Amino acid sequence: PPEPPPPRPRRSAPAGQGGARRLRGSTSAAPLGGNAAGGAGARPDLLGAPAGEMGLEPLFQAWSYFRRRKFRECADVCSQLLERPPGEQVAGAGPGREAAAWSLKTRALTEMVYVDEIDMDQEGIAEMILDENAVAQVARPGTSLKLPGTSQGGGPSPAVRPVTQSGRPITGFVRPSTQGGRPNTMEQAIRTPRTALTARPITSASGGYIRPGTASMLTNPDGPFINLSRLNLTKYAQKPKLAKALFEYIFHHENDIKNALDLAALATEHAQFKDWWWKVQIGKCYYRLGLYREAEKQFKSALKQQDMVDTFLYLAKVYLRLDQPVTALNLFKQGLERFPGEVTLICGIARIYEEMNNISSAAEYYKDVLKQDNTHVEAIACIGSNHFYSDQPEIALRFYRRLLQMGVYNCQLFNNLGLCCFYAQQYDMTLSSFERALFLAENEEETADVWYNLGHVAVGIGDLNLAYQCFKLSLVNNNDYAEAYNNLAVLEMRKGRTEQAGALLQTASSLAPHMYEPHFNIAILSEKVGDLQRSYTAAQKSEEAFPGHVDTQQLLKQLKEHFAML
């Protein structure tokens with residue numbers, strides 16, 4: 001009989017995006033190698049036999065395909081075994097052989113659409129706007145991810161390091177939780193975030209899991225492999241080995257959370273509530289259904305029976321969704337006591353500190369990650385971006401060169417290398433890096449980011465005509481680029497075209513209300529033309545976006561004196 005499903009390789013997050021003097025995150029390809037442990041129907045004494053030879057026993061050939069991650073071929077061979085009429089069965093075949101082929105096919109189909117639940121976390125509009133799980137509506141500073149507040153760890157201000165619409169600094173590595181941040185209004189929620197390449201889904205179930213939901217049509221043109229409505233879940237729950245493969249098939253391939261939860265509940269009851277694996281799966285189902293407190297109980301119960309790194313990560317996800325980052329931090333630290341030096345737990349602590357705007361603590365933990373795993377792409381990218389925004393481009397350049405030596409070769413990395421070379425005054429490599437970044441850009445948003453950064457380089461060397469053209473090209477590739485609108489408006493103001501500048505600034509402020517620069521520029525422009533009321537309103541918005549901006553405070557003081565005189 002088959003053994004429990006094997007551990008799978010972690011999938012890395014997608015690469016980051018650029019911005020105003022903004023570094024892009026880097027990524028590595030998701031690992032595809034590694035043989036799965038355990039299997040269905042393969043005898044241990046045959047594991048050394050060569051695969052793919054003529055006359056190879058079909059079930060062992062399917063298992064060989066599975067070990068080499070050729071899941072389509074594995075499923076096809078298993079289908080041929082299962083479709084044979086009774087008279088054509090191979091000698092020695094029996095019910096156990098059919099069960100092994102059936103189990104192996106379910107695992108192969110699951111692997112074809114598998115998404116790691118730990119890394120896959122996308123909040124939809126419904127989850128963010130209609131969130132009823134908040135413990136405190138007005139949280140204390142430093143205890144909530146919704147209101148991260150000002151920098152607690154001495155990190156760069158928004159004047160140097162761009163921020164998202166939720167007030168967090170741009171990270172060096174884009175993860176699902178950093179794509180758009182939590183919007184304050186429904187209008188902001190519906191509008192596509194510039195760092196996400198697609199519009200945010202109405203709910204996470206309709207967005208992130210749409211591919212697993214239609215997987216039966218993708219992988220089986222003749223119809224679904226298992227008809228869940230006619231399945232006797234009680235019968236399968238009494239066969240632990242088959243039940244685990246069936247659960248993963250229902251959960252990942254069919255995306256039928258209700259049936260998966262029913263199967264897991266029956267199986268854990270059959271195991272007399274002593275199998276931690278089933279408790280984790282019930283917790284995953286509850287998490288998907290939005291029942292976070294029930295999921296928390298299941299994960300805690302599983303941890304009492306068996307300490308597992310994945311269970312700590314799942315439970316931390318629950319606390320983060322409930323907006324309890326301090327509890328999640330304490331949980332990660334408890335996990336580190338039981339699993340010293342575990343990279344995923346240290347990285348989880350660093351991510352939370354980064355999202356809470358405590359940049360110095362995040363950098364320390366990312367360095368601890370590199371002490372354990374010196375090829376960790378996310379840690380290298382985040383430390384590099386932190387050094388860049390701390391006005392240390394030479395040190396940042398070393399980290400990005402390290403990524404290049406590791407084999408990361410994409411648009412984001414060369415964009416970052418170009419920026420680091422320019423600010424480190426290594427001008428000979430700047431333009432060639434940006435040329436390579438333009439060549440490697442995979443979509444228009446990436447091209448727009450590179451042109452925008454080239455515009456900054458042009459401003460730095462004093463070629464304003466080149467800068468104007470670069471910002472225009474950035475808007476040609478991405479019409480929603482608020483930073484490019486703002487910088488074009490500044491160049492128009494230098495030419496004395498106040499009307500065009502005002503229109504561009506208005507567009508920038510509506511596209512990115514979380515940026516302080518367009519509001520401040522509107523305030524300055526309105527004050528010059530004598531529209532003091534509009535200037536005062538824009539300056540208030542600028543102060544709200546960046547409370548520590550000295551020029552905004554001085555402008556507000558002057559305007560209040562004007563109003564007092566009137």
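Just subtract the alpha-carbon distance of residue 503 and residue 79 from 0.36 nm times their residue separation and send over the number in nm, one decimal.
Values: separation 424, 0.36 × 424 = 152.64 nm, distance 6.30 nm.
Answer, rounded to one decimal: 146.3 nm.
How much accessible area does residue 370 have with a 1.4 Å probe, in Å² rounded to the nearest 10?
40
Pop out the ³J(HN,Hα) list for the stretch 250-266 in order, Karplus 6.51 cos²θ - 1.76 cosθ + 1.60 with θ = phi - 60°, rounded to Hz; leave Gly and Pro as x.
Each residue of the stretch 250-266 in turn: 5, 6, 8, 7, 8, 6, 9, 5, 5, 5, 4, 5, 4, 4, 5, 5, 5 Hz.
Counting only the heavy atoms of the protein chains, how much of residue 360 is accessible to a 1.4 Å probe, in Å² to the nearest 10?
About 50 Å², rounded to the nearest 10.
Specify whether the C-alpha gyration tensor of the stretch 480-565 places it in the rounded, prolate or oblate class, a ≥ b ≥ c being the square roots of the eigenvalues: rounded for a/c under 1.5, otherwise prolate if a/b is larger than b/c and oblate if not. Walk me through the intermediate numbers first.
On the way: a/c = 2.21, a/b = 1.36, b/c = 1.63.
In terms of gyration-tensor shape, oblate.
Just to be sure I understand the model, the point goes 7 Å from the Cα along the line to the Cβ. What's the resulting residue 333 to residue 564 distance in nm?
If labels sit at residue 333 and residue 564, their model points lie 4.7 nm apart.
Sticking with the crude label model, points 7 Å out along Cα→Cβ, report the distance from residue 57 to residue 160 in nm, one decimal please.
It works out to 6.6 nm between the two label points.
What is the distance, in nm, between label points placed 7 Å from the Cα along the Cα-to-Cβ direction at residue 401 and at residue 269?
6.4
Suppose R0 equals 41 Å; then what is the FRET efficiency for residue 529 and residue 427 from their Cβ-Cβ distance, rounded to the nearest 0.05?
0.55
If the cut-off is a Cα-Cα distance under 12 Å, which aspartates and glutamates reach residue 70, setting aside same-chain residues fewer than 8 apart in sequence?
Result set, ordered by chain and number: 111.
Using protein chains only and a probe of 1.4 angstrom, how many square angstrom of residue 459 are accessible, to the nearest 10?
70
Whenever you get a sec, line up 476, 490 from highest to lowest accessible area (probe 1.4 Å, protein heavy atoms).
476, 490
Need the full-extension length gain, residue 70 to residue 476, defined as separation in residues times 0.36 nm minus the C-alpha distance. One decimal, nm.
Full extension of this stretch gives 142.0 nm more.
The values are calculated or read from the model by the stated rules, or taken from the named source; none is laboratory data. Keep in mind the model is a prediction, meaning the values are calculated, not measured. Methodologically, a virtual Cβ is constructed for each residue, glycine included, from the backbone with ideal geometry; neighbour enumeration extends over all protein chains shown. Only protein heavy atoms, including side chains, enter the accessible area calculation; ligands, DNA and RNA are left aside. Shrake-Rupley method; radii C 1.70, N 1.55, O 1.52, S 1.80 Å.
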